[in-house]
Amino acid sequence: MRGLNRRGQRLELVAGLLIALAIPALSAVAAHAQGVATETALTAEPLSGKAQASVAVNVTGADGQAVSGAVSIEDNGKPLAGLALNAQGQANAVLPLSAGTHSLRGLFVGDAAHQASASTAAQVQAATTAAPDFTVTVAPTTKTLTAGQNSTLAITVTPSASYLSSLALTGAPAFVTLSCSGLPDQSTCTFTPETVEILPPSATNTNTTGVVTSSMVLGTQAAGTAASIAPHSANGVVWALLLPGVLGIAGIFSSGGRRRWLNRLSLVALVGLVTMLGTTACNPRYNYEHHGPPANLPTPAGTYTITITAQTVNGITAVTENTTLALTVN
């Protein structure tokens, strides 16, 4: 009986040790499954005399590893812009602001190994003497696509009160053209409409705010294979090689002088060489016709900062405003 009790105590001790060793391992597995915690910090400085702010975002992981992906910048809780983090987990930008007080916050959207996080708000006072004529925003400010997918985003152009007043004085509308830059290879962006119209305030214009919208379609490309093309008959190549030789032999027998024979032989050899190069793999057209077009390249994976530009011209000067979108391609 005493031996059984000792054996039971030993089993309990072993079980306790196994549980003690398993708990940290299980905790590590759970933490990895949920992603590593991150910390996002944002600093913002107003630019002197301008309705703009210089913004810097830094995202660090609790594991000390580099953090990649996208951050969204919010202004008083509303999406303002999207930025791609660099290899050090940082992003910098100069963002347009309307006149007055702003509360800017950075939100890291997370990646495959890290959790999302948000910074504390940074207060910025934008200059009131240099308010932009209009602002342009995109929603959402961050987007994740798999290569081959497309997505539609909303673009909003909002004129300032002073800009609307200037339009009311002239009675003429303003036309704002939209474009984008910073796209990765094998991707596109299109706007519908590409040019939006801001109407001046009037008794018949019910859009008193002047706000206009457009749809932006982001397109990416998946990897593809070229269609196989049946090889052309070799008869054409054979004749292209034999014909100059036949003509050369005929020329030799019809010639009376040796020098003339050598000149003709050189000419025939040159014609034969050019013909051969034009009908073999040295010719790009030959390669295309016999092997088909090359395979489609996919949009490279990564996170990119895409700049969306809105521009209007009054006949003398051009007014340009920008916003940014963070695009992640898997």
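A short reminder: the numbers here are calculations on the coordinates, not readings from a lab. Quantities reported herein were computed from a predicted structural model and do not represent experimental measurements. Reconstructed Cβ throughout: ideal geometry from the backbone, glycine too, with neighbour counts over all protein chains shown.
With 10 angstrom as the radius, rank Lys78, Lys50, Lys143 by how many other C-beta atoms surround their C-beta, starting from the fewest.
Fewest-to-most ranking of Lys78, Lys50, Lys143: Lys78, Lys50, Lys143.
For Thr328, what is the net charge nearby, where nearby means another residue's Cβ is under 14 Å from its Cβ and Lys, Arg count +1, Asp, Glu -1? Present the calculation step by step, with values, prior to reporting the outcome.
Details: positive: Lys143; negative: Asp111.
Residues close to Thr328 contribute a combined charge of 0.
Please report Rg (one decimal) and Dmax (integer) in Å for the Cα set of region 36-131.
Cα radius of gyration and Dmax of region 36-131 are 13.7, 46 Å respectively.
What list of ³J(HN,Hα) values in whole Hz, one per residue of region 138-152 in order, does the Karplus curve 6.51 cos²θ - 1.76 cosθ + 1.60 (θ = phi - 60°) give from phi, with Gly and Pro shown as x?
10, 9, x, 8, 10, 8, 10, 10, 8, 3, x, 8, 10, 8, 9
Taking 7 Å along the Cα-to-C-beta vector as the label spot, tell me the Thr188-Ala318 distance in nanometres, rounded to one decimal.
Output for this residue pair reads 2.4 nm.
Using per-residue counts of other Cβ atoms within 10 Å, averaged over each peptide, order 136-142, 210-216 from highest down.
Numbers: 136-142: 20.1, 210-216: 17.1.
Most protected by this proxy first, the peptides run 136-142, 210-216.
Where does each of Phe108, Phe191, Phe134, Phe175 land when they are ranked from fewest to most other beta-carbon atoms within 10 angstrom?
Details: Phe108 28, Phe191 18, Phe134 23, Phe175 13.
Neighbour counts put them in this order, fewest first: Phe175, Phe191, Phe134, Phe108.
What FRET efficiency would be calculated for the residue pair Thr146, Ser103, taking the C-beta separation as r and a Förster radius of 25 Å, to the nearest 0.05?
On the way: r = 34 Å, r/R0 = 1.37.
That pair, Thr146 with Ser103, gives E of 0.15.
Sticking to Cα atoms, compute the Rg of region 50-96 to one decimal and its Dmax as the biggest Cα-Cα distance, whole number, in Å.
Cα-based Rg and Dmax for region 50-96 come out at 11.8, 39 Å.
Karplus couplings for region 99-107 from phi (6.51 cos²θ - 1.76 cosθ + 1.60, θ = phi - 60°), rounded to Hz, Gly and Pro as x?
5, x, 8, 10, 10, 9, 9, x, 10
Among Glu321, Glu45, which comes first, then next, by fewest other beta-carbon atoms within 10 Å? Before the final figure, lay out each step's value.
Working: Glu321 19, Glu45 13.
In order of increasing Cβ crowding within 10 Å: Glu45, Glu321.
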